[in-house]
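Here is the structure we will look at, set down as structure tokens.
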Amino acid sequence: MNNTHRKHYPAEIFGYPVENISKEAEQIRKRHLCPFSNNDRCSKQSRLLTYPMGICSAWWPNNSPIAICPKRLLQDKTIFINAANHVFGNTDNVLLFSEVKLKRIGTFDFVLVKHKPISDEIDDFCVVEFQTDSTTGTGKLVKAIEDYIQNKDITKNSYAFGMNTYNTIKLSFIQMLNKGQVFEAWNKKIIWAVQQYIYKNMVDRFGLQGMKLNKNDANLFFIYDIGHHSNPDKYQLTVENIRSSMIENLMKAFRGTDLPQIDDFIKILHKKLRLNLGIRI
């Protein structure tokens, strides 16, 4: 097993790989800025820190850094440019709006609107939803960023945090069904930006079939990854693949997931009864 598989620490802190100790990176970190969000102050907070929780991605252990902050996906507008080119054919006369609410459905992360030249008449639109993973044992990540701020070499340590991938996938899948059916009815595109690691986990977990690219499908999956080989000083987000699905296919997979057996649940209840863990009512 090579070293990349054993990495278990933050990959990027305040936008730069932890190994990058250049003056540029240090200035950004000292000011707690987010290079992916116009150098605004990092908005990620932890009650355990007096400064922002500026971890953008983490190794766990994986061949690519896993994004754990949605703003990590804003890099160079890569996903939006890919979305506009794929759906509209180009980026001409395209405007981006964030946090757009739709009654009874919820809030869309981003809406790309293509309008007629020098006009507010809408030619077309699509939605882009960001999907990133989250962590468990976050206190260990807090320890990692504290160590890093104190100039300790965190690359020689293994911090005992985990990834909450199963919960991420469950919540994402419900969103896909809820919002995806609307766009299928409208005959418009909704794009789910999903990291390769999570996409593969989702396909395997739900046994998704027929995930190819069909121009008629409303639900598109832009499968991104964070490359670190070509430029170790600044990791690059790239869209590696595009897949699509109909809601019927997603719903079939969701319904077909393995259900727990009642006997297993009864065993749990028996154990609690034996240990007298119940509360009298």
Here is a list: VAL127, VAL111, VAL100. Which entry is in a strand (DSSP E or B), hydrophobic (A, V, I, L, M, F, W, C), in the same structural domain as THR238 (by TED's automatic domain parsing) and farther than 27 Å from GLN236 by Cβ? VAL100
Kindly provide the set of residues from the stretch 91-122 that are polar (S, T, N, Q) and touching a helix residue (DSSP H, G or I) at 6+ places or on another chain (Cβ under 7 Å), ordered by number. THR91
Pick out the one residue from ILE105, ILE118 that is in the same structural domain as GLN196 (by TED's automatic domain parsing), closer than 19 Å to PHE183 by Cα and modelled with pLDDT under 95. ILE105
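Does the stretch 58-66 contain at least one residue that is of a type in the set (Val, Ile, Thr) and within 15 Å of the chain's Cα centre (by Cα)?
Scanning the stretch 58-66 turns up at least one residue that is of a type in the set (Val, Ile, Thr) and within 15 Å of the chain's Cα centre (by Cα).
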Suppose the filter is of a type in the set (A, V, I, L, M, F, W, C), under 24 Å from ALA83 (Cβ atoms), touching a residue at least 24 places away in the same chain (Cβ under 8 Å) and in contact with a Lys or Arg (Cβ under 8 Å, 6 or more places away or on another chain); does ILE242 pass it? no
Could you pull out the residue among LYS77, LYS103 that is free of Cβ contacts under 8 Å to residues at least 24 places away in the same chain and either crowded, with 19+ Cβ neighbours inside 10 Å or more than 26 Å from LYS30 (Cα to Cα) (or both)? LYS103
Does any residue in the stretch 137-164 that is on the phi < 0 side of the Ramachandran plot and assigned to a loop (DSSP other than H, G, I, E, B) come within less than 6 Å, Cβ to Cβ, of a residue that is surrounded by 16 or more Cβ atoms within 10 Å (Cβ to Cβ) and aliphatic (A, V, I, L, M) six or more places away or on a different chain, and which pairs are these? TYR159/ALA144; PHE161/LEU141
Let me spell it out: the conditions are (1) of a type outside the set (D, E, K, R); (2) in the same structural domain as TYR159 (by TED's automatic domain parsing); (3) at pLDDT 95 or above; (4) buried (at least 17 other Cβ atoms within 10 Å of the Cβ), and ALA84 meets all of them except one. Which number is the exception? (2)
Here is a list: SER57, SER64. Which entry is closer than 18 Å to PHE161 by Cβ and modelled with pLDDT of 95 or more? SER57
Check off (1) at pLDDT 95 or above; (2) exposed (fewer than 13 other Cβ atoms within 10 Å of the Cβ); (3) under 30 Å from THR50 (Cβ atoms) for THR132 and give me the number that stays unchecked. (2)
Take the residues in the stretch 231-281 that are under 28 Å from the mean Cα position of the chain (by Cα), part of a loop (DSSP other than H, G, I, E, B) and at pLDDT 80 or above, then tell me which one is nearest to MET211 (Cα to Cα). MET246
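The values are calculated or read from the model by the stated rules, or taken from the named source; none is laboratory data. In this text the structure is predicted, and so the values were computed from the model without any measurement. FYI the Cβ positions are ideal-geometry reconstructions off the backbone, even for glycines, and counts take in every protein chain you see.
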